[in-house]
Amino acid sequence: MATTFNQLPETGFLRLSQIIGNKKTNTPALIPVSRTSWFNGIKLGKYPKSVKLGERTVAWKAEDIRDLIDSLGNVA
């Protein structure tokens, strides 16, 4: 499922592959960083923390990802 910024839901959750992309499923990246960089960014407070949805399922709030993309766009 390809996701672009304009297609992001106002509320809800996004999985990691929807945020950083997935070459196997041809999902484009909203934030083009590696998985390792993403999790390091969370530890450093650069990226939002995940929400645990189940025993082995985490996601990120769509609002947090929208805010992050807005803030990254304002940095340039």
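Values quoted throughout were computed directly from the atomic coordinates according to the rules given, and no laboratory measurement underlies them. This structure is a prediction, so every number in the text was calculated from the model and none was measured. Don't worry about glycine lacking a Cβ; one is built from the backbone with ideal geometry, like all the others, and counts go over all protein chains shown.
Details
- Residue-wise HN-Hα coupling along the stretch 41-51, computed from phi with Karplus coefficients 6.51, -1.76, 1.60 (Hz; x: Gly, Pro): x, 5, 4, 7, x, 6, 10, x, 6, 7, 10
- Amide hydrogen neighbours beyond the local backbone of Thr27, cut-off 5 Å, H modeled: Asn22
- Spin-label pair Lys61-Lys46: with each label point 7 Å from Cα along the Cα-Cβ axis, the two points sit 2.2 nm from one another.
- Between Phe13 and Ala62, the built amide H atoms are under 5 Å apart, and every one of these is 5 or more places off in sequence or on another chain.
- Under-5 Å amide H pairs with Lys46, H placed in peptide plane, nonlocal only: none
- For the chain: rounded, prolate or oblate by the Cα gyration tensor [a/c cutoff 1.5]: rounded
- As a calculated quantity, the FRET efficiency between Leu53 and Thr25 at R0 = 25 Å, using C-beta atoms, amounts to about 0.80.
- Taking the number of Cβ atoms within 10 Å of each Cβ as an exposure proxy, the fewest-first ranking of Ser17, Ser34 is Ser34, Ser17.
- Backbone HN-Hα couplings from phi across the stretch 11-27 [Karplus 6.51/-1.76/1.60, Hz, Gly and Pro as x]: 10, x, 10, 10, 7, 4, 5, 6, 8, 9, x, 8, 5, 5, 9, 6, 8
- Coupling constants for the stretch 52-67 follow from the phi torsions by the Karplus curve (6.51 cos²θ - 1.76 cosθ + 1.60, θ = phi - 60°), and in residue order they are 7, 9, x, 4, 10, 10, 10, 8, 10, 5, 4, 4, 5, 5, 4, 4 Hz; glycine and proline get x.
- Separation in nanometres of the label points that stand 7 Å from Cα toward Cβ, at Trp38 and Leu72: 1.0 nm
- Residue with peak Gaussian network fluctuation, the chain [Cα springs, cutoff 10 Å], from Leu53, Leu16, Leu30: Leu53
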